[in-house]
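The values are calculated or read from the model by the stated rules, or taken from the named source; none is laboratory data. Keep in mind the model is a prediction, meaning the values are calculated, not measured. Cβ coordinates were reconstructed from backbone atoms using ideal geometry, including for glycine residues, and neighbour counts include every protein chain displayed.
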Amino acid sequence: MGRMMNRKTMFFAMLLAFCFVPAALAADGPFVIGYSEFNMGNSWRTQSVEEARYAASQNGDVKELIVTQAEGDVSKQIADIEDLIARKVDAIILNAGSPKGLNPVIAKAVAAGIPVVDFDSVTESDRAYHLAIDQVEFGRILGEWLVKVMGGKGNIVVFNGMKGTMVNAQRLEGGEKEFAKIPDIKVVQTVFADWDYAKAKRAMETLFAANLKIDGIWSQGGAMSQAVVDAYTERGEEPPFITGEDNNGFFKVWKRTADKYPKFDSIATTCPTWISAAAMELAIDILKGKPAERTTLLSIPVVTKENIDQYVKMDLPDSYWCNSKLPEDIVKKLFVR
């Protein structure tokens, strides 16, 4: 795992070295944009698709946004992209299901004169443009905060996402960088809960049974953080300091818990759902012949107790992602039943 992370990190650094790649095309819109989504099985990806659809409806340079989704199947995502090529779209944006598996079909698209922008889960293709957040920095910010509020000492439990995924590995790498700096910080247990509420809740209940002393919890996913806080409060106990992500379920629990336990505190980093819209806008810039970096990193918004009220929506479901650019009427259609 360590060797894999290092290779991924080195690859990411290599991509960043390709600055201001001149676009080969210079065209006038409006354009037909293809959007290949690997899996819409969670609310983040569903909301991300809606962010792109809304942005396309407001952009005079977009004639049509064609959305496909591969239902978690890399082979289907390849077929979806081949279909978009056959339909002669002007550009393709995609959230990849494999860092390497899409490389040949991406090369095929570029050879056909169709620029490709991958985002969030990016590929290792040297033919695509990449738009992402720095996942290592995502995890590092959480780790730095947790170590600081713990006073530089104590026991930490780590709640990871899905084992073997690049996002999980990079976020963990960032957190571990901060833990390693402080000799009196000890990771006493590591859990893989797949960013899932139910799995994290069961894992926390198992930890209670083990009677571990826990001073802080580093969680890289909002649903997991929500589950951990719920597990504590349902026992009538104050949760330890915990990190999280910007989903509404966690933010609502954070607010309620802080009202009851004034010493409770948290932090959340965000990978915004509107990254899909940003990828579409980058594709349009490339089509217009504007210079573009081969890899673009979005800044990472950070939510703390000082600004959480700007994000949390107490009247919306847990599945809403709070760093959104969708107008209220669309949000209500998506999330209010």
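Just give me the residues in region 91-106 being closer than 20 Å to M40 by Cα, free of Cβ contacts under 8 Å to residues at least 60 places away in the same chain and out of contact with any strand residue (DSSP E or B) (no Cβ under 6 Å at 6 or more places or on another chain), in sequence order.
If the condition is that a residue be closer than 20 Å to M40 by Cα, free of Cβ contacts under 8 Å to residues at least 60 places away in the same chain and out of contact with any strand residue (DSSP E or B) (no Cβ under 6 Å at 6 or more places or on another chain), then G97, S98, G101, L102 are the ones that fit.
Tell me whether region 282-299 contains one or more residues that are touching a Ser or Thr at 6+ places or on another chain (Cβ under 6 Å) and either part of a loop (DSSP other than H, G, I, E, B) or among the hydroxyl-bearing types (S, T, Y) (or both). So that I can check it myself, show each step before the final result.
Filtering region 282-299 for residues touching a Ser or Thr at 6+ places or on another chain (Cβ under 6 Å) gives none.
No.
Out of region 69-83, which residues are within 25 Å of the chain's Cα centre (by Cα) and part of a helix (DSSP H, G or I)?
V74, S75, K76, Q77, I78, A79, D80, I81
Give the residues of region 138-185 that are within 14 Å of G244 (Cβ to Cβ), of a type in the set (V, I, T) and part of a strand (DSSP E or B), sorted by residue number.
Of the residues in region 138-185, the ones within 14 Å of G244 (Cβ to Cβ) are 138-139, 141-143, 145-146, 149, 157-161, 171, 175.
From what's left, of a type in the set (V, I, T): 141, 149, 157-158.
Scanning region 138-185 gives V157, V158.
From the list A231, A278, pick out the single residue that is outside the structural domain of I156 (by TED's automatic domain parsing) and aliphatic (A, V, I, L, M). Spell out how you get there, then give the answer.
Working: A231 fails: outside the structural domain of I156 (by TED's automatic domain parsing).
The unique qualifying residue is A278.
I need a count of the residues in region 153-191 that are farther than 12 Å from W218 by Cα, hydrophobic (A, V, I, L, M, F, W, C) and within 19 Å of the chain's Cα centre (by Cα).
Total meeting the criteria: 4.
Looking at T190, is it part of a helix (DSSP H, G or I) and in contact (Cβ under 8 Å) with a residue 12 or more places away in the chain? Can you show your working first?
Working: part of a helix (DSSP H, G or I): no; in contact (Cβ under 8 Å) with a residue 12 or more places away in the chain: yes.
So T190 does not fit the description; no.
If I go through region 43-68 residue by residue, how many of them are in a helix (DSSP H, G or I) and either over 24 Å from I284 (Cα atoms) or in contact (Cβ under 8 Å) with a residue 12 or more places away in the chain (or both)?
First pass over region 43-68, keeping only residues in a helix (DSSP H, G or I): 43-57.
Within this subset, residues satisfying the condition of being either over 24 Å from I284 (Cα atoms) or in contact (Cβ under 8 Å) with a residue 12 or more places away in the chain (or both) are 43-56.
So the count comes out to 14.
For a quick check of your reading of the model, give me the residue pairs whose first member lies in region 154-172 and is within 22 Å of E124 (Cβ to Cβ), whose second is among the acidic types (D, E), with beta-carbon atoms closer than 6 Å and at least 6 apart or on different chains.
If the second residue must be among the acidic types (D, E), the pairs left are M162/D194.
Tally the residues that are over 22 Å from the mean Cα position of the chain (by Cα), modelled with pLDDT of 90 or more and part of a loop (DSSP other than H, G, I, E, B), restricting the search to region 315-337.
Number satisfying all stated conditions: 1.
Residues that are on the phi > 0 side of the Ramachandran plot and at pLDDT 95 or above: does region 184-200 have at least one?
Of all residues in region 184-200, those on the phi > 0 side of the Ramachandran plot come to 194-195.
Narrowing further to those that are at pLDDT 95 or above: none.
There is no residue in region 184-200 that is on the phi > 0 side of the Ramachandran plot and at pLDDT 95 or above.
Which residue out of M10, M5, M40 is in contact with a helix residue (DSSP H, G or I) (Cβ under 7 Å, 6 or more places away or on another chain), in a helix (DSSP H, G or I) and modelled with pLDDT under 90? Break it down into steps so the answer makes sense when it comes.
Values: M10 fails: in contact with a helix residue (DSSP H, G or I) (Cβ under 7 Å, 6 or more places away or on another chain); M40 fails: in a helix (DSSP H, G or I).
Step by step, each of M10, M5, M40 is checked, and only M5 is in contact with a helix residue (DSSP H, G or I) (Cβ under 7 Å, 6 or more places away or on another chain), in a helix (DSSP H, G or I) and modelled with pLDDT under 90.
All but one of (1) under 15 Å from N248 (Cβ atoms); (2) in the same structural domain as P30 (by TED's automatic domain parsing) hold for M314; which doesn't?
(2)
Can you pull out the residues in region 243-298 that are within 18 Å of Y197 (Cα to Cα), of a type in the set (D, E) and free of Cβ contacts under 8 Å to residues at least 40 places away in the same chain?
Result: E245, single match.
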